[in-house]
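A short write-up of the structure that comes next.
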Amino acid sequence: MAVLDTEKVAQEAIKAIAQKIKNLNRLNIIVAGKTGVGKSTLINAVFRDKLAETGMGKPVTDHMRMISKKGVPLSIYDTRGFELGKEVQKQVKEEILTTISKGLASQDINKAIHCIWYCINTASNRVEPEEIAWLRELSSDQKATQVPIIIVLTQSFSKKRAGALKRLLLEENLNVVQIVPVLAEDYEIDEEYVAKAYGLDLLIHVMGETLPEELMDTLQNVQIASLAEKKRRAQKIIATATVAAIGEGAAPIPLSDCAMLIPTQLSMIASITAIFGFDVNKSILTAFISSTLGTGGATILGKTIVANMVKLIPGVGTVAGGAISAGTAGVITAALGEAYVGIMSLVFSGEMNLEDLSTRKGKKAMSTLFREELQKRR
Ligand SMILES: Nc1nc2c(ncn2[C@@H]2O[C@H](COP(=O)(O)OP(=O)(O)OP(=O)(O)O)[C@@H](O)[C@H]2O)c(=O)[nH]1
Ligand SMILES: [Mg+2]
């Protein structure tokens, strides 16, 4: 009976994850708007690791600081001084344009500015005509560079007021991608009534539609506002890996070449890990591999699929025949990917801790999820 070397596969998965994370492109966003509108609150609610609380950031221009954190492939350019009148606003605009040009000149995606969020506080009643003029000038001044602008209506605990403000801004026909009302944190209106945070998932969705493909994994890695968007991205990764696995299985390839399949699955797991942005360690991966590819499948699907599964794992003893069924390779890859997304989702939604995953409870959840996914595809 062949035995799967889970330790070895887990070690390779760790390597694949580290590589994937290292290769993520850096996302750079300028966040502008008057003081107190809620820029820092928004940044902390949308991105992981409480980015806007890590001190003052690094000054890049007179009115801009760059906030970043080790291990997070994201830089936020936070602007200041917007409320200090027309002259400063003009300077801020020039500094934004210079920063954009510098990024472009580098011809490096990691240094380019990818998006501008302009924040307007819905609760402060009205938008000043000079802000609209400023936005109009900014978009016409950067006609050539075309960095997308998203207007974020912050502190929109009154949806009615946010709707009215949005309509008013739409009438201005500004050259912006979207106007998105948000409430970044729950807002206590009085002791009996608390307005629930909302809108951040839409903001991430809009970002997903706006940014280039090279930044999609990064966007999902750094954002903590939308599980749906993480899943959507992960599903694409699974679909691609499944097609690849079917291709590799269909050859049909001799057993000695089966090593081709495992890398496909490992790179899928690595990409999904990057999308969720969790610190997945080796014991979690060992648990996942042993609960899924280990013994889990044997009891449900019987000898045939197990024999086929064994063929997917390099160096695990002898299997007669030597050709992998294309369908089996696809089914296992898809089920593996979906089960992993399921586990990551449980952690994201707080139903399980990362530490739980390598325990009995975690393993049980893993094997159940994998079994369900296999059965869906029988
Ligand atoms: N409850 C709630 N409070 C918010 C929200 N957004 C902003 N606030 C509050 O508004 C105040 C200002 O928010 P900040 O995020 O510091 O605003 P800022 O734009 O970063 O301000 P500066 O850094 O001074 O330019 C803080 O007291 C926040 O708690 C929100 O979505 N919900
Ligand atoms: Mg701030």
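The values are calculated or read from the model by the stated rules, or taken from the named source; none is laboratory data. Note that the structure is a prediction, hence the values are computed from the model and not measured. We place every Cβ from the backbone using ideal geometry, glycine too, and count neighbours over all the protein chains shown. The protein model used for the area step is the full one, side chains on, heavy atoms only, and it has no ligands, DNA or RNA in it. Shrake-Rupley method; radii C 1.70, N 1.55, O 1.52, S 1.80 Å.
Of note:
- Some residue of region 105-112 being among the hydroxyl-bearing types (Ser, Thr, Tyr) and either in contact (Cβ under 8 Å) with a residue 40 or more places away in the chain or closer than 17 Å to Ser40 by Cβ (or both): no
- Residues of region 27-38 satisfying the condition of being open to solvent by 20 Å² or more (accessible area, probe 1.4 Å) and near ligand 2 (Cβ under 9 Å from one of its atoms): Thr35, Gly36
- Only one of the numbered conditions (1) over 23 Å from Lys34 (Cα atoms); (2) small (Gly, Ala, Ser); (3) open to solvent by 20 Å² or more (accessible area, probe 1.4 Å) is not met by Ala123, and that is (1).
Quick grid of which residues meet (1) open to solvent by less than 60 Å² (accessible area, probe 1.4 Å); (2) at pLDDT below 95:
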| residue | (1), (2) |
| --- | --- |
| Ile238 | yes, no |
| Glu248 | yes, yes |
| Ile253 | yes, yes |
| Asp257 | no, yes |
| Met260 | no, yes |
| Leu266 | yes, yes |
| Ala270 | yes, no |
| Phe276 | yes, no |
| Ile284 | yes, no |
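- Inside region 143-190, residues that are within 28 Å of the chain's Cα centre (by Cα), more than 16 Å from ligand 2 (Cβ to nearest atom) and touching a residue at least 24 places away in the same chain (Cβ under 8 Å) make up a count of 19.
- Boolean, Lys15 is open to solvent by 40 Å² or more (accessible area, probe 1.4 Å), charged (D, E, K, R) and free of Cβ contacts under 8 Å to residues at least 60 places away in the same chain: yes
- The residue list Lys69, Lys50 contains one member that is open to solvent by 30 Å² or more (accessible area, probe 1.4 Å), within 30 Å of Lys196 (Cβ to Cβ) and free of Cβ contacts under 8 Å to residues at least 12 places away in the same chain, which is Lys50.
- Verdict on Glu191 being part of a loop (DSSP other than H, G, I, E, B), modelled with pLDDT of 95 or more, surrounded by fewer than 18 Cβ atoms within 10 Å (Cβ to Cβ) and within 16 Å of ligand 1 (Cβ to nearest atom): no
Yes/no per residue for (1) outside the structural domain of Glu130 (by TED's automatic domain parsing); (2) of a type outside the set (Ser, Thr, Tyr); (3) within 13 Å of ligand 1 (Cβ to nearest atom):
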position	(1), (2), (3)
Ser40	no, no, yes
Arg48	no, yes, no
Glu53	no, yes, yes
Ile67	no, yes, yes
Gly71	no, yes, no
Ile76	no, yes, yes
Leu84	no, yes, yes
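- Number of positions in region 355-378 that are in a helix (DSSP H, G or I) and surrounded by 13 or more Cβ atoms within 10 Å (Cβ to Cβ): 15
- Test for Thr6: is it farther than 23 Å from Thr122 by Cα, over 18 Å from the mean Cα position of the chain (by Cα), without any contact (Cβ under 8 Å) to a residue 40 or more places away in the chain and away from ligand 2 (no atom under 16 Å from the Cβ): no
- Conditions (1) of a type in the set (Lys, Arg); (2) closer than 26 Å to Pro212 by Cβ; (3) more than 16 Å from ligand 2 (Cβ to nearest atom); (4) without any contact (Cβ under 8 Å) to a residue 24 or more places away in the chain; number of the one not met by Lys58: (3)
- Scan of region 18-42 for residues that are assigned to a helix (DSSP H, G or I) and either in contact with a Phe, Trp or Tyr (Cβ under 9 Å, 6 or more places away or on another chain) or touching a residue at least 40 places away in the same chain (Cβ under 8 Å) (or both), ordered by number: Gln19, Lys20, Ile21, Lys39, Thr41, Leu42
- Boolean, Gly81 is of a type in the set (Gly, Ala, Ser), open to solvent by less than 50 Å² (accessible area, probe 1.4 Å), within 16 Å of ligand 2 (Cβ to nearest atom) and in contact with a helix residue (DSSP H, G or I) (Cβ under 6 Å, 6 or more places away or on another chain): yes
- The single condition among (1) more than 15 Å from ligand 1 (Cβ to nearest atom); (2) touching a Ser or Thr at 6+ places or on another chain (Cβ under 9 Å); (3) not aliphatic (A, V, I, L, M) that Gln155 does not meet is (1).
- Yes/no for Thr99 being more than 15 Å from ligand 2 (Cβ to nearest atom) and modelled with pLDDT of 95 or more: yes
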